[in-house]
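Below: the structure, in structure tokens.
Each value in this text was obtained by applying a stated rule to the coordinates, not by laboratory testing. Nothing here was measured: the structure is a model prediction, and the numbers come from that model. Here the Cβ positions follow ideal geometry from the backbone for every residue, glycine too, while neighbour counts run over all protein chains shown.
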Amino acid sequence: MISRNLPEYLVIFGAAEVAGYVVVPVNFRLTAEEVLYVLKHSGAVAVFLEGAALVELGREIRPQVPDIRLWISIGDGVVDGYVNWSHWLESGQSEPPGWPVHENQPAYIFYTSGTTGRPKGAILPHQGQIGNVLVQAAELGLAREDRVLLVMPLHHVGGKWLSLVTLIRGATLIVFSTFDPEAVVKSASEQQITVTLMAPTMIYRMLKTEGLDLKRLQSLKTILYSSAPMAPDLLKEGIQVFGPIFAQVYGSTESGCVTWFAKSEHERALSSAEYGRLASAGRPALGVDLMIVDDYDNVVEPGKQGEVCVLAPWVFAGYWRNEEATRAAFLNGWLRMGDVGRIDEEGYVYILDRKNDLIITGGENVYPSAVEAALLSHPEIEEAGVVGVPDIEWGEKVKAFVVLKDGSRLGPKDVTDFCRGRLGSHKCPREVQFVRELPKNSVGKVLRRKLRENQA
């Protein structure tokens, strides 16, 4: 399925779930080469495309995947060489197929965003996804009367989970094809939206877009955020603007829901004694066991840093056609999250950074997210991405890629001087490069791998 968010996307998901077919959602922003890799690797036999641009992309790659038997165009009109969506529906049968769908059978294969290289296809079985969604529905407290706005892409597992949670609870789902702050405010006001899920980048854009009348969002009672941590100062600003309506879910394509940070916990954390807890991802969700291990796979004490590992009934079944990566993903049955984190004495989990993004400079560990949070607290910095680059003296040095706000006259020294007042000297960027934009994935997460590749 290669499409923006559309009602047809949900129809395809639902029909495939009932019939036992496996859905492979594909990011519609990928290049032809990237799409071709997913189609070949997954062994796809049918492709659904939406819009003229994607149909043209299909024409480009179609000769290279002769095993795909069915190409369907979604939208009005007949496209040469494609089966029209409406005509295809009319030719089908209304009765469900007669074969059983087993609980351990794959429901979806979600290809990871490729932040660490070639995307890998995460296999998500039926039973695990049902358990995952039921837990999230319970944690979220969604009611039948709720009206849920879907702005996260359905090719991202967060968008899929929210749609399933909404449908399971019998609530109303309003689907946006793409994210636009002005359209969100207008729709949320007119449709009386009560719940939505956003990536932190989306929330940031809502707060920083000039001219938005955020007072129109009075019906909104829950903003769930995921995909990346939020800087505490930005989260505090969000709570001041929207009210105490923020909740966080931490997880990944492979893990499903891992931790939950409830609205009430955000509100308590605003007190001076617990302000630092705004940096946490909450506590393990229902049904989840979590541990932190060191570089030798030994469990560490609370407060110590290490790799986050989880055990839950809905953890993925492995990577499609990649046994080596599957073996590397598990530690005695526990899923390695690939994140560096710690747990405090009360069970709150803090995600410090991706393990592969850790910078070691002069023997000291530096987490890029901490440097990025400091940079983003500057009123003239719009976006920031931090990576380690080779350095003869230090092994690696901290380099910051910075997008300035319009009209800013900041120079590299201004940026480093600002950081010195907020970070240890070893964490301060030794090099600052101003750029017009940062490479991101489909939910706005900065692709540090791309930044490093540009330095090679």
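Structure notes:
- Two numbers describe the Cα atoms of the range 268-346: Rg and Dmax, which are 14.8, 50 Å.
- The chain: Cα Rg divided by the 2.2 N^0.38 Å rule of thumb: 1.00
- Taking every alpha-carbon pair within the range 77-228, the share separated by more than 21 Å comes to 58 percent.
- A simple packing score, the average count of other Cβ atoms within 10 Å per residue, orders the peptides 309-315, 205-211 as 309-315, 205-211, with the highest score first.
- Taking only the Cα atoms of the range 206-312, the ratio Rg/Rh comes out at 1.04, with Rh defined as the Kirkwood radius.
- Applying 1/(1 + (r/R0)^6) with r as the Cβ-Cβ distance of Gln305 and Asp180 and R0 = 51 angstrom yields a FRET efficiency of 0.85.
- The range 1-101 pair-distance distribution - Cα-Cα, 10 Å bins, rounded %: 14, 49, 32, 5
- Span from the the range 129-207 Cα centroid across to the the range 20-75 one, whole angstrom: 26 Å
- Alpha-carbon spread of the range 308-443, three principal axes, descending order, Å: 52, 37, 33
- Subset of Lys186/Lys215; Lys186/Lys221; Lys355/Lys440; Lys40/Lys450 violating a 22 Å alpha-carbon distance limit: Lys40/Lys450
- Shape analysis of the range 116-355 based on the Cα gyration tensor places the equivalent ellipsoid semi-axes at 30, 22, 16 Å, largest first.
- Sites Ser425 and Glu323 - FRET efficiency at Förster radius 41 Å, r taken between beta-carbons, to 0.05: 0.35
- Packing around the peptides 101-108, 443-450, taken as the average count of other Cβ atoms within 10 Å per residue, puts them in this order, highest first: 443-450, 101-108.
- Cβ-Cβ FRET estimate between Asp391 and Glu34, R0 fixed at 30 Å, reported to 0.05: 0.40
- Those trypsin sites (Lys or Arg not before Pro) in the range 112-169 that DSSP places in a loop and that have at most 12 other beta carbons within 10 Å: Arg144
- Other residues with beta-carbon under 15 Å from the beta-carbon of Asp406 carry, at +1 per Lys or Arg and -1 per Asp or Glu, a net charge of 0.
- Reachable aspartates and glutamates from Lys263, criterion Cα separation under 12 angstrom, eight or more residues apart if same chain: Glu139
- Put in line by how crowded their Cβ is, counting other Cβ atoms within 10 Å and starting with the fewest, His266, His126 read His126, His266.
- Taking label points 7 Å from Cα along the Cα-to-Cβ direction, Val83 and Asn298 give a separation of 6.0 nm.
- Candidate cross-link partners of Lys413 among the lysines, defined by an alpha-carbon separation under 19 Å and a same-chain spacing of 8 or more, comprise Lys397, Lys399, Lys405, Lys427.
- Viscosity 0.890 mPa s, temperature 25 °C, Stokes-Einstein D of the range 122-176 from Kirkwood C-alpha radius, µm²/s: 215 µm²/s
- For the range 139-201, the set of GluC sites (Glu not before Pro) satisfying both a DSSP loop assignment and a count of at most 14 other C-beta atoms within 10 Å is given as Glu145.
- Cα-centred dipole magnitude for the range 98-175, charges only on beta-carbon of K, R (+1) and D, E (-1), debye, nearest 20: 220 debye
- Computed P(r) (all Cα pairs; the range 386-456; 10 Å bins; percent): 18, 47, 33, 3
- In units of the compact-protein estimate 2.2 N^0.38 Å, the range 186-243 shows a Cα radius of gyration of 1.08.
- Where a label projected 7 Å from the Cα of Ser271 along Cα→Cβ would reach, residues of the range 237-252 with amide N under 19 Å: 239-240, 244-246
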